[in-house]
Amino acid sequence: MLQPAALSGLHATLISLLGAERVSSAQSVRAHHGHDESAHPDALPDLVVFPQTTAEVQAIVRACLDHRVPMVPFGAGSSVEGHTLAIHGGVCVDLSRMNRIVAIHPEDMTATVEAGVTRLRLNEELRHTGLFFPIDPGADATLGGMASTRASGTNAVRYGTMRENVLALTAVLPNGEILHAGTRARKSSAGYDLVRLLVGAEGTLGIITEVTVRLYGQPETVASAVVGFETVAGAVDTVIQAIQCGLPVARAEMLDALTLRAVNRYSHTDYPEVPTLFLEFHGSESGVKEQAETMQMLAQANGAGPFAWSTLPEARSRLWQARHTAYFAGLQLVPGCRCMATDVCVPISRLSECIEATYADLRAEGVEAPLFGHVGDGNFHLMLLVRPGSEADLARAKAINHRLVERALAMEGTCTGEHGIGIGKQRYLAREAGEAGIGAMQAIKQALDPLNLMNPGKVFALPVEES
């Protein structure tokens, strides 16, 4: 919490900039912005502001800089690593009202949008163009938040992540300057790559207010498929073999038996409760048929059960709705719990080994935890459920997570495939990046944000020079 004198002065300044209706100190508003989908404790900001333009964000940043008050960017609040928690208090900058679609260029297959535009809203606007934006993290996140965390999702195996799909951006730097980085050109060799510096910086180097993203043609035919296996290894090996033989799978998701049990209860579905692949294929009618038949052949060679595929939109919708509810379905296994969601990613050749070692660890601890993930790129999530007020659950979850991350790093993987570092993975970033890597990151942070006022306490812990 800020000192009352500092808070009063800043509050008055922000009201003069935005008007009283877009500056709030109300407990309910602060509580909403001090909570996310993670297991981290809530941390409320002192004030919440709602800018509508980049110029207003610039004015807010300058006011906070003058008063030496921390700033925390906020999009949809769907973070699972505490990115939007105001652990040092300060001002939450809610970008949800910056929701204009600035430009769509169908001929160049790009769109420029403000940071508060969500992925579903963008795709709705693109429907008539024959194009779509493919990055699908599950939640209807904002594009600004997705860029800030370098988000990924169910179709990264074919279309990549936000790292590959942000061409340009506008951001307000910690000193109040407006940065325009990148262009709409498909490539550039001009200087340092400032777009990639901000994409994945988790709001610690500036507040992203606008992004230009790549678009893709809507495929002529889309088919979904579901197939169960006797073992997780059979499911994973099927996807690895498909990738190795050049099969252009658009989505390849694995849900384990416990996850399917939770999904069936939550979504009133009837999937066999065995390790299962949810798949999607994009292309021409004949191409999709060939892809599905090839995948069926590979699956059967790895101990698969019945292989069901369909091009019917309602079948695809049912399948992916079930996948997207997996997280919330898992939470219902222990009503009232919070989740420590793991996010390791390993080379796909080590994925089966990593998952099996994780199951052995869970059995040794006597813990049940849903496991699902993006097997096409080696990324999976373990839902470690923590009952309210249970220190034992929390300690056990932290211990399991620690061993899982150490296992992934030993396999030349990463502690986070798509959720980001936030609050919970800082110790593992140090292990993964090494002393020189952390030193370089901190030097960049010090150069751009010497007072450490921009989303402090995220990525790594540094002192905050508050008023």
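Summary table below
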{"read-out": "Candidate lysines - alpha carbon under 28 Å from Lys187, same-chain residues fewer than 8 apart omitted", "value": "Lys445"}
{"read-out": "Candidate aspartates and glutamates for bridging to Lys425, where Cα separation is under 14 Å - those fewer than 8 sequence places away on the same chain excluded", "value": "Glu81, Glu202, Asp343, Glu406"}
{"read-out": "Length released on extending from Asp66 to Glu164, taking residue separation times 0.36 nm less the Cα-Cα span", "value": "31.7 nm"}
{"read-out": "Per-selection Kirkwood Rh - the stretch 215-331 (Cα, Å, 1 d.p.)", "value": "14.3 Å"}
{"read-out": "Where labels lie 7 Å past Cα in the beta-carbon direction, separation of Ala399 and Cys245 in nm", "value": "4.4 nm"}
{"read-out": "Acute angle (nearest 10 degrees) that the helix 313-324 long axis makes with the longest principal axis of the chain, alpha-carbon atoms", "value": "60 degrees"}
{"read-out": "Relative contact order %, the stretch 219-333, counting alpha carbon pairs below 8 Å whose residues are six or more apart", "value": "44 percent"}
{"read-out": "Per-residue ³J(HN,Hα) for the stretch 241-255, Karplus 6.51 cos²θ - 1.76 cosθ + 1.60, θ = phi - 60°, Hz, x for Gly and Pro", "value": "5, 5, 5, 5, 8, x, 6, x, 5, 7, 9, 8, 10, 10, 10"}
{"read-out": "Difference of contour (0.36 nm per residue) and Cα-Cα distance, Ala447 to Gln321", "value": "41.0 nm"}
{"read-out": "Square roots of five times the Cα gyration tensor eigenvalues for the chain, Å", "value": "38, 26, 20"}
{"read-out": "Additional length obtainable on full extension of the chain from Val367 to Ser25, 0.36 nm per residue less Cα span", "value": "119.0 nm"}
{"read-out": "Mean Cα-pair separation over length for the chain, i.e. relative contact order, pairs under 8 Å, 6 or more apart, %", "value": "16 percent"}
{"read-out": "Theoretical ellipticity at 222 nm over the chain - DSSP helices of four or more residues, -39500 (n - 2.57) apiece, nearest 500", "value": "-11500 deg cm²/dmol"}
{"read-out": "Cα long-axis angle, helix 257-267 against the chain (0 to 90 degrees, to the nearest 10)", "value": "70 degrees"}
{"read-out": "Per-residue Cβ neighbour rank within 10 angstrom, fewest leading, Arg265, Arg68", "value": "Arg265, Arg68"}
{"read-out": "Estimated vicinal HN-Hα couplings, Hz - the stretch 67-76 in sequence order (Karplus 6.51, -1.76, 1.60; Gly, Pro = x)", "value": "8, 6, 10, x, 10, 10, x, 9, x, 9"}
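Coordinate-derived values only; no laboratory data. In this text, all values refer to a predicted model and were calculated from it rather than measured experimentally. Quick reminder, even Gly has a Cβ in these numbers, built from the backbone with ideal geometry, and neighbours come from all protein chains shown.
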